[in-house]
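Bear in mind that the values in this text are calculations on the coordinates, not laboratory data. Since we're looking at a predicted model, the values are computed, not measured. With ideal geometry, Cβ positions are generated from the backbone for all residues, glycine too; neighbour counts draw on all protein chains shown.
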């Protein structure tokens, strides 16, 4: 194998070395730089991988259809053999690295972490490469880079070295590789009696619609104990009386760096509509708020950490997901060391549960080597005591959807002391039957209510669709039919495995509450817990939860 640095307008450096990127239009800084704002998907080419025409290596691994981001690759770690083989493949294809986005790597490098914690994160840290034609190539006419073919060339160069095979992968559009998790339709079907999967998208049959709530706000059960922290990695959590600062931390950070994507336009996040021409609610508008309300119902004592991962359109790519996971893991490890932000502020609080409601279908699910980039940070969180709960997906299929399908196929928790595995959750109807839309398979261990659930929506949401038959009677009262997108009452019905996952996450947090040490602060009077303590408590709580549960 020829050893060379990866080429890029003068050549990038290997990780940890100074960048040697040249100037000129489109040139970027070295590893850790960011030319593209987080959450910006406008320049992403989403391509379809067709197994009938896809390039293959001699390794007899099947290929299944998927979607991926054209012109980018994800690369893990800094092994010289990885970068040497990738450089050789790029040179042969006539392309170079235009940008190296470290996905928050500069925050890790600046962190005052214990050596073993820093090493554990460095080993799994992923960066994103944006590729471009080599400006020095002789042929002025060329085709767009086939990222899949380039990846196969890389794999052929590293041969059967499974560690190096796992270091490079495609970037997937996470929520677009599968059906968006909640069932929503901006234009209701006209059939008076919807059937099958379409039923769940209809108002009155489980689709998103406003409702009234007459019950009380959830009351803490054990206020004398530290609150378990539940991370909701989703859309922004909007305004609601149940979700004030005492219950929710919005836009969390680590060492001054935001975790998640920046806020979108104020009007879109406040009103739920990003379309100035129609004013209709976005498909996923209110998604994170609905999930946060479910967590509070299942565990009123929980404190929610709201990580904004996508807007109301539900668009997110794997690199944005990975960056949020990596920075979240860094914050958790700092918390376990009793550290916090600079300036003498209180230390970060350890994380207990992460609920995530999105997914994609991998092109080679039979070989976990080729999906290790996303699996590794989830395993690291599990090793340090964080329970990752993922929705199974809404395509009514047994094809594995990731990250949920990282859950063990045997449904077990492993041996005593093993990391907590990913927990996959399918959806149930109100009568306890499996919801027709829910994915299924041996990797789905838990089942929770996911159809026609009632939870919180931002009280600021009132879309452009108006009620029919509006009139004023002789007493000055306004009479009208239901306004289908006025959520100012703060509550809604909605369906999807998106919502089964946070039900389980809340139940798990409620079980963990009973194991929390009594103390003056949420870390406990005796300081932060050890990873072993967190894993032991999580394992005991999971063994206490039924696999099928009808009520939060």
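By the equivalent-ellipsoid construction on the alpha carbon gyration tensor, region 45-169 comes out with semi-axes of 27, 19, 14 Å, ordered largest to smallest. When only alpha carbons are used to place a centre, region 386-436 and region 220-299 end up 23 Å from one another. Most tightly packed first, judged by the mean number of other beta-carbon atoms within 10 Å of their residues, the peptides 213-219, 79-85 read 79-85, 213-219.
Here the gap between residue 433 and residue 277, fully extended at 0.36 nm per residue and compared with their Cα-Cα distance, gives a gain of 52.1 nm.
Placing pseudo-labels 7 Å out from each Cα toward the beta carbon at residue 46 and residue 489 gives an inter-label distance of 3.3 nm. Estimated purely from DSSP H runs of n ≥ 4, each contributing -39500 (n - 2.57), the mean residue ellipticity at 222 nm for the chain is -7000 deg cm²/dmol once divided by its residues. Relative to the longest principal axis of the Cα atoms of the chain, the long axis of helix 372-383 makes an angle of roughly 60 degrees.
Taking 7 Å steps out from each Cα toward its Cβ at residue 146 and residue 415 produces label points 4.5 nm apart.
Could you calculate the contour length gain from residue 518 to residue 466, that is, 0.36 nm times the residue separation minus the distance between their Cα atoms, to one decimal place in nm? Don't skip to the end; give the middle numbers.
Details: separation 52, 0.36 × 52 = 18.72 nm, distance 5.07 nm.
Between residue 518 and residue 466, full extension yields an extra 13.7 nm.
Taking a ≥ b ≥ c as the square roots of the Cα gyration tensor eigenvalues, with a/c under 1.5 meaning rounded and otherwise prolate when a/b beats b/c, else oblate, which class fits region 225-543? Because a/c hits 1.5 or more and a/b exceeds b/c, region 225-543 counts as prolate.
Relative to the dominant Cα principal axis of the chain, helix 497-513 is inclined by about 80°.
Length gain on complete extension for the stretch residue 239 to residue 398, per 0.36 nm per residue less the alpha carbon to alpha carbon distance? Before the final figure, lay out the partial values.
Values: separation 159, 0.36 × 159 = 57.24 nm, distance 3.69 nm.
So the chain would gain 53.6 nm between residue 239 and residue 398.
Based on Cα contacts under 8 Å between residues 6+ apart, the chain shows a relative contact order of 17 percent. Here r is the Cβ-Cβ distance between residue 61 and residue 213 and R0 is 56 Å; the resulting FRET efficiency, rounded to 0.05, is 0.65. Kindly express, to the nearest 10 degrees and within the range 0 to 90, the angle between helix 147-158's C-alpha long axis and the longest C-alpha principal axis of the chain. Its long axis makes an angle of about 50 degrees.
Return, ordered by residue number, the residues of region 318-336 whose backbone nitrogen is under 18 Å from a label point located 7 Å along Cα→Cβ of residue 530. Hits in region 318-336 for residue 530 at 18 Å: 333-336.
For region 308-333 versus region 463-507, the spacing of their alpha-carbon centroids is 30 Å. Here's the picture: a label point sits 7 Å out from the Cα of residue 123 along the beta-carbon direction, and within region 378-404 the residues with their amide nitrogen under 16 Å of it are 378-385.
Put the Cα centre of region 443-457 next to the Cα centre of region 71-94 and the gap is 41 Å.
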